[in-house]
Amino acid sequence: MKHSLTALIGSLALSAGVAQAQQSFVVGHSLSPESHYGIGAEAFITTLAELSGGEFAGEQAPAGQLGGERDMIEGLQIGSLDVVITSTGPLGNFVPEVYALDLPFLFRDYDHARAVLDGDIGQELLGKINENQLVGLAWSENGFRHVTNSQRPVRTPEDLAGLKLRTMENRVHMEAFSEMGAAPTPMAFPELFTALQQGVVDGQENPVTVITASKFWEVQGHVSLTGHVYSPAAVLASPVLFDSLTEEQRGWFYEAAAASAAATRAEVNRLEDAGVAVMRENGMEVITDIDKAPFAALAQPAYAVYTDQYGTDLVERIQAVE
């Protein structure tokens, strides 16, 4: 009996130790829980829980609850946030080499973009992220970006003239839209819907995934499938968090990020096929017959924002990927 009681006490102590060892974490992002980011965040949380045998328990902080993307990246650097899924637009302010991914009309299609990010170039850029008080876990995705606005259909660069367009806080994007004739207005994403509603800006540019998740049809009547920029996303962790982990635990985080990216890309694929119909069903005029060549020609000077400082080598390597 005494032996059984001792065993029971030991078992309870062990259980208490496991309970105490469980680590909670939060995945922050700027979109709704139902969005491609939300699906990616849930895949991260579920995968990490499975790999760790319940040692890690996570939850989402969606819809900009933790601030704009730039705010969240800063939170990772100081350790106040754990994991963030973010577009690369604001990330360039911290890791300038990433600006190369945001050059207009650089990627031919999804296969090209994913081959670049999954290959040597993507790994090199994750390494650059790691040199800037961040941990780059994986490349995820938003998709090709398109223009929406409340004023008129956009079929040519002339149609952009004078439109106040919200852009990310990204010098490459701002320069490209200036060259194409628009009036770029950088703004954190959580402020965007209200700014469109109040007419502070006429339009914005985002992938179909974001347009549908944000229900921009409530404040925008026109969408033009310009596909002017491929927009990656990054799954990032705090170096403060990572310094506290064992090598095995870090491996779990990398695997969870890979699962997150795969789930997000699958949702991007789905919405690329279904999103146009959804936008039309909700009253948007969708312009699909766009000659991209005039837009690309006007946007070309934006490359100098990157190449004047970092040279043309990375851009040429990206263009050469088959």
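The numbers here are math on the coordinates, done by the rules we state, and not lab data. All figures in this text were calculated on a predicted structure; none of them were measured in a lab. We place every Cβ from the backbone using ideal geometry, glycine too, and count neighbours over all the protein chains shown.
Suppose a student asked you for the relative contact order of the chain, using Cα pairs under 8 Å spaced at least 6 residues apart; what percent would you report?
Values: 614 pairs, mean separation 83.7, N = 322.
This gives 26 percent for the chain.
Using only the alpha-carbon atoms, how far is helix 2-21 inclined from the longest principal axis of the chain? Give it as 0 to 90 degrees, nearest 10.
That helix lies at roughly 20 degrees to the long axis.
Along the Cα→Cβ direction, 7 angstrom out, place labels at Asp273 and Ser32. What is the inter-label distance in nm?
The answer from the label model is 2.2 nm.
Can you work out the FRET efficiency for the pair Val240 and Val321, with r the C-beta to C-beta distance and R0 = 35 Å, to the nearest 0.05?
That gives a FRET efficiency of 0.55.
Debye calculation, C-alpha points only, no solvent: report log10 I(q)/I(0) for the stretch 38-150 at q = 0.10, 0.11, 0.13, 0.23 Å⁻¹, in the same order as the q values.
Once normalised to I(0) and log-transformed, intensities are -0.34, -0.42, -0.59, -1.46.
Based on the Cα coordinates of the stretch 168-322, what is the per residue volume of their convex hull in Å³?
172
Cα convex hull of the stretch 23-320: how many Å³ per residue? Please report the intermediate quantities before stating the final value.
Details: hull volume 34.1 nm³, N = 298.
Dividing the Cα hull volume of the stretch 23-320 by its residue count gives 114 Å³.
With label points built 7 Å along Cα→Cβ from the Cα atoms of Glu281 and Asp308, find their separation and express it in nm.
Here the modelled spin labels are 4.7 nm apart.
Just order 231-244, 62-75 by mean Cβ neighbour count inside 10 Å, highest at the front, would you?
231-244, 62-75
Where in the stretch 73-94 does the amide nitrogen come within less than 18 Å of the point 7 Å from the Cα of Lys128, taken along Cα to Cβ?
86-94, by backbone N distance to the label point.
Please give the per residue volume of the convex hull enclosing the alpha carbon atoms of the stretch 136-258, rounded to a whole number of Å³.
It comes to 110 Å³ per residue, whole-number rounded.
At Ile78 and Asp111, where each label point lies 7 Å from the Cα along Cα→Cβ, what is the point-to-point distance in nanometres?
Computed distance between label sites Ile78 and Asp111 equals 4.7 nm.
How much net charge surrounds Met187 when only the other residues with a Cβ under 9 Å from the Cβ of Met187 are counted, with Lys and Arg +1 and Asp and Glu -1?
For residues surrounding Met187, the net value is -1.
With +1 on each Lys and Arg Cβ and -1 on each Asp and Glu Cβ, how big is the dipole of the stretch 23-320 about its Cα centre, in debye rounded to the nearest 20? Show your work: numbers first, answer last.
On the way: 17 positive and 41 negative charges, 136 e Å.
Charge dipole, the stretch 23-320, about its Cα centre: 660 debye, nearest 20.
Compute the angle between helix 69-78 and the longest alpha-carbon principal axis of the chain, please, reported from 0 to 90 degrees and rounded to the nearest 10.
So the helix axis and the longest Cα principal axis differ by about 40 degrees.
Placing +1 at every Lys and Arg Cβ and -1 at every Asp and Glu Cβ, with all other atoms neutral, what dipole size does the stretch 240-301 have around its Cα centre, in debye to the nearest 20?
Values: 5 positive and 11 negative charges, 20 e Å.
Magnitude of the dipole: close to 100 debye.
Springs between alpha-carbon atoms under 10 Å, Gaussian network over the chain: tell me which of Ala277, Ala138, Ala61 tops the mean-square fluctuations.
Largest GNM mean-square fluctuation: Ala277.
For Lys164, list the aspartates and glutamates whose Cα falls under 16 Å from its own Cα; do not include residues on the same chain fewer than 8 positions away.
Partners within reach: Glu175, Glu179, Glu191, Asp202, Glu205.
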